[in-house]
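Novice: Starting off with a structure, shown below.
The values are calculated or read from the model by the stated rules, or taken from the named source; none is laboratory data. Please read all numbers here as calculations on a predicted model, not as lab measurements. Cβ coordinates were reconstructed from backbone atoms using ideal geometry, including for glycine residues, and neighbour counts include every protein chain displayed.
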Amino acid sequence: MTTALCGGRHAVGEGNWPHAQGDLQMYETHGTVVGTVITSPIARSNAAGEEFLSFRMASTVRRRNATTGEWRDGSTLYLTVTCRRRLMAGVVQSIGKGDPVIVTGELRTTEYTTRDGIARSSLELSATAVGPDLSRCTAVVERERRKAPVDAVTNDSDGADTAFARTSPAETSVTETETPVNDPLVA
């Protein structure tokens, strides 16, 4: 059996992966989706009072015709992404509608019945990581530094001692550099 560390949790093949609430589960489906954010991220809370952030994203298959060299859109996958805890804070400051993203996490299908009595299902991704798709944009990454003890000092270029300082919360600005031809989701 091959094992690999995934996100510093358990090794693949061990059978049990920790769930977001700390429960152990088997056979969770993890995946990564590359696409475009199609709704603005919205902060919500569930019945238990836990806050989370959600947004919709779309991933459209693009195929290149080898003969003509032309790119064509295929089918589009739509899903809802939820972010919790520390990830929620980073996403709300960094990601917006129209941004190209890469999202990884636990995939699940939710089944429900509409008010008209029609059975439906939707695909949801409980995200463990969200980031800009650097093949379609550029990003400037800022991260929060841990505050050093008061006696921790460093020598700057002038030879003066300077104490370490905490920077502002993580913030990423995304700038679109390429829009795929005929992509209806990016305005």
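Novice: Only one of these is at pLDDT 90 or above, of a type in the set (D, E, K, R) and more than 19 Å from P132 (Cβ to Cβ): R9, R63, R86, R56. Name it.
Specialist: Answer to the selection: R63.
Novice: Do any strands (runs of 3 or more DSSP E) lying entirely in the stretch 91-187 carry at least 2 residues that are closer than 30 Å to R63 by Cα and at pLDDT 95 or above, and which ones are they?
Specialist: Strands (runs of 3 or more DSSP E) meeting the threshold: 100-113, 119-132.
Novice: When the stretch 54-76 is examined, which residues are found to be loosely packed, with under 13 Cβ neighbours inside 10 Å and hydroxyl-bearing (S, T, Y)?
Specialist: T67, T68, S75
Novice: Can you find even one residue in the stretch 20-27 that is at pLDDT below 90, aliphatic (A, V, I, L, M) and not in a loop (DSSP other than H, G, I, E, B)?
Specialist: Yes, the conditions are met somewhere in the stretch 20-27.
Novice: Please state which of the following conditions T68 fails to meet, knowing it meets all the rest: (1) β-branched (V, I, T); (2) over 11 Å from the mean Cα position of the chain (by Cα); (3) assigned to a strand (DSSP E or B).
Specialist: Exception for T68: condition (3).
Novice: Another question, if that's okay. Would you check which residues across the stretch 64-113 are within 17 Å of I38 (Cβ to Cβ) and of a type in the set (D, E, K, R) and list them?
Specialist: Residues satisfying the conditions are D73, K97, D99.
Novice: Test V61 against the stated conditions and say whether it is touching a residue at least 24 places away in the same chain (Cβ under 8 Å) and either closer than 22 Å to T36 by Cα or of a type in the set (D, E, K, R) (or both).
Specialist: Spelling it out, it is not the case that V61 is touching a residue at least 24 places away in the same chain (Cβ under 8 Å) and either closer than 22 Å to T36 by Cα or of a type in the set (D, E, K, R) (or both).
Novice: When you look at T32, is it loosely packed, with under 15 Cβ neighbours inside 10 Å, over 22 Å from E144 (Cα atoms) and touching a Ser or Thr at 6+ places or on another chain (Cβ under 6 Å), yes or no?
Specialist: yes
Novice: Are any of the residues in the stretch 90-103 surrounded by 15 or more Cβ atoms within 10 Å (Cβ to Cβ) and out of contact with any strand residue (DSSP E or B) (no Cβ under 7 Å at 6 or more places or on another chain)?
Specialist: yes
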